[in-house]
Amino acid sequence: MAYQINKTDGTIVATVADGQIDTLSTDLTLIGKNYSGFGEAFNENLVKLLENFASTTRPLHPLKGQVWFDSAENKLKVYNGSAFIPVSSATVSSTQPVTLSIGDLWFDDVGAQLYFFDGTQPILIGPAYSTAQGKSGLEVDSILDTLNQTRVVTYLYNNGILLGIFAKDSFTPKIAIIGFSGNIEPGFNAGTLANIKFRITCTNSEQLGGAVATTYARRDTSNTFNGQVSVGVDAGIVIGSGNQMNLLVSSGDIEVSNFASDKDLFLKVRKGLDQETAIAIDSSSRIVDIYSGKIDSTMNVGGSLVVAGDLTVEGTTTTINTSNVTIEDKTLTLANVAAPSETTATGAGIIIRSTGADSSSYDKEIVYRSTSEGPPPTGVFDVSEDLNLAVGKQLQIGGVKVIDGNSLGSAITSIPGVTAFGTQNVVNVGPGIPPVTQMRLENHRISTVSTNFDIELEPDGTGNVALIGSPRITGMQDPVSQQDAATKEYVDNTIESRPLIFSMDLSDGKSNTYIINNVLNNLAPVGEFRNGTYARILCTLINPSSTSLAINALPPSISTNPFLTDLSGSSSLAVTSISFPTATIAAASVSTTRIIKTFQIVSGAWTWQTDSTLPP
C-alpha cells in the first residue's frame, strides 16, 4: 500500500509507491514500503539533517521552515517559503558587515557599541557614545553619604566630563566625586566645570531679588498693564528723557505741564486714518491753534465768548463790478441774509456768463439746489460743466479719497447699478471700513487670506452646489465627522479591508488549507480585498455517538420443542418459530463543538491566524 507523506499542517507533500523512493518532493529521500535499499537512504537522510544540508548551493526542493547551512557564507539560513534568509546572529568587526540580515547584531569593536540591523540600516542599541566620544549622557549610580546611607543619583556627562548631578535628596557625599564639590541638593547640581550654565529661556521664576516676580515691571522696555495703573502720590507721572512732561495733582487740581522752556504742547486725535492736531499751544508766542488748517472744523461754545483783545472779522458782502477780484479772505460766504433758509440759499453759487454760437445764453454754473426746489436730487450743487482735475489730484469726501485718475478710494464700499467690470487681476473681499481682506479671487483660485477661515458656499433656499461638466473634487483629506465627504481611497479601503464573517460545518474535519483554497478563495477572492483584511469563520463540529442492542439478552419464546427424536433414535433440528419482544433503543447522543477560525490576507494570500473554541 503506498505511503502518503503529510506535512505538519496536514497537507500531502508526496505519495510513495511500494518498493519505490521519492527524491524530488523534498531534499530528503522518501522511502516506500519494502524498498530494498532503505538503509542507505535512511542513513543519508540522518546525515543531511545532522549537517543541515551544508553546501555552497541551496537545497533544490526546500519546504517552508527548512534549515540550510550556507557553506559559502558560513551562516545558518531558514526557508520562508520563497527564499532562504539568514538566522539572526551577532558579528564583531570594526566596520559594518555587508552580510547583515534583519535581526542581526553587530558589535563595533572600535567604538565599543552594539547595533541591531532592521533590514535597512544598523540601529544603535548602546552605549549612546563611542570610545572616541568619551562617556556622554546620563548614568545612574548609588553612592553613600556621610551617614553611610545609600543615595541614588544620576550623573550627566559629556565627552568624559561631569557636567552635574541630578538628585532628589539633600546630603553630603561620603567619597569625593571627580568633577563635583560641595553638598548635593534636590534637583540639578552643577559640577566644577567652569562657566557651566543652562543656556535656555526660562518660562517662570519664583522670585526676583527675594520678592515675588509678579510685582515687577521692567524698566528697560515697554510694559503692558492689563489692570488699572494707579499712582498713589500727587507727584504723578513724569515723561520724557529730560522730564519734559508732568501729569500731577496740585492742591486737588489736575495739571498737565511742560517743563521744557519754549516748547509746544499738542493735543492730537485720529480722524479716520489720519492723525490730526486738535489743539496746538505755542509757548514762545502764546498762540493757541484749534484744528489749524482744518476748514471743516467747528468749535462750539455753549455760552458767551469773551475775547480780551481785538476781534477782527475781515470782509463784508460786496458787489464788485470789476474784471479781476482779489480777496485776501479764504472764505467766501454767499446768501448771507438776516434769515437764511433753504429758500434763500437756493440758486446761490458761481455763474459764469457765456453765449452759445446761436447767441443763446450758455452760462457755466455751480449753483446750489435747495431741498424745497424738487424734484430730486435736491440739497446739492448743480455743476453744469465737466470737472477736470489736474494730474495727481483726487476727489475727496470728508477728507477721504473717493476717486483719482487711476483708482477708487478705499472709502468706496459699494457701487450699486454697476453691471460689468473689466478683467480684474485680483479681487479682495472682506468686511469693515476700511475693509479687511478675508477672501481673494485670483486667476482661477478662490482662497482665504485671514488665518483659519473656511470657504463657504451657501445657495439660497433649496438651491444646490452644482458642478458643471462632471469635474472631480481632488486634494481631500479622509473624513473625520459624519458629514465630511469621503475620498474614493477611503471608501475603497473601508470596503476592501472590512472584516468578513462566515459559518460552515466542519464535522468532516477539513483542514485550514482546504478552507483557504475551496472556501475563502471562492467566497472572498484576495484580489477584491486588501492586505490585513480578517475573515472569521464560525465552524460547527457535530460528533454523534452510537448505541448497541444486545440481542442475546432478549428472552426467546419457543412454541414447540427444539428437537424431535424418531423410533430409530436419531434426532433432527425442528425449531418451527422464534419470537422476540419489542426492543427499545435509546436515541444516540450528539455533541457539538463550535470554533471561530481567524484568517488574514498577508502578502496577497489568505493565511490562517488562530482558532478559538467557544464554550458549550
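Derivation of every value follows stated rules applied to the coordinates shown; laboratory data play no part. Everything quoted here is computed from the prediction, not taken from an experiment. Virtual Cβ from ideal backbone geometry, glycine too; neighbours counted across all protein chains shown.
Quick rundown of the values:
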{"item": "Percent antiparallel among DSSP beta bridges (both partners in the chain, rounded to 5)", "result": "90 percent"}
{"item": "Pairwise centroid distance, computed over Cα atoms, of the stretch 32-49 with the stretch 510-537, Å", "result": "39 Å"}
{"item": "Kirkwood Rh (inverse of mean 1/r, distinct Cα pairs), the chain, angstrom", "result": "42.7 Å"}
{"item": "Helix-only [θ]222 nm of the chain, DSSP H runs n ≥ 4, -39500 (n - 2.57) each, per residue, nearest 500", "result": "-1000 deg cm²/dmol"}
{"item": "Degrees between helix 38-50 axis and first principal axis of the chain (Cα, 0 to 90, nearest 10)", "result": "30 degrees"}
{"item": "Rounded to the nearest 20 debye, dipole of the stretch 3-83 from Cβ charges on Lys, Arg, Asp, Glu", "result": "220 debye"}
{"item": "The stretch 3-83, relative contact order in percent, only Cα pairs under 8 angstrom and at least six apart counted", "result": "18 percent"}
{"item": "Net charge dipole size for the chain [Lys, Arg +1 and Asp, Glu -1 on Cβ; Debye, nearest 20]", "result": "1780 debye"}
{"item": "Global form of the stretch 236-293, assessed from the alpha-carbon gyration tensor, a/c cut-off 1.5", "result": "prolate"}
{"item": "Under-5 Å amide H pairs with Ile403, H placed in peptide plane, nonlocal only", "result": "Leu395, Gly409"}
{"item": "Sites Asn43 and Lys7 - FRET efficiency at Förster radius 25 Å, r taken between beta-carbons, to 0.05", "result": "0.60"}
{"item": "Cα-based equivalent ellipsoid, the stretch 137-201: semi-axes from gyration tensor eigenvalues, Å", "result": "20, 12, 11"}
{"item": "Shape category assigned to the stretch 3-83 from the gyration tensor of Cα positions, a/c cut at 1.5", "result": "oblate"}
{"item": "Relative contact order computed over the chain (Cα-Cα under 8 Å; 6+ residues apart), in percent", "result": "4 percent"}
{"item": "Set of lysines near Lys268 by C-alpha distance (under 30 Å), chain-local residues within fewer than 8 positions excluded", "result": "Lys294, Lys330, Lys393, Lys401"}
{"item": "Within-12-Å neighbourhood charge of Leu248 [Cβ basis; K, R +1; D, E -1]", "result": "-3"}
{"item": "For the chain, with +1 on Lys and Arg beta carbons and -1 on Asp and Glu, the positive-most of Phe529, Val337, Gly126 along the dipole", "result": "Gly126"}
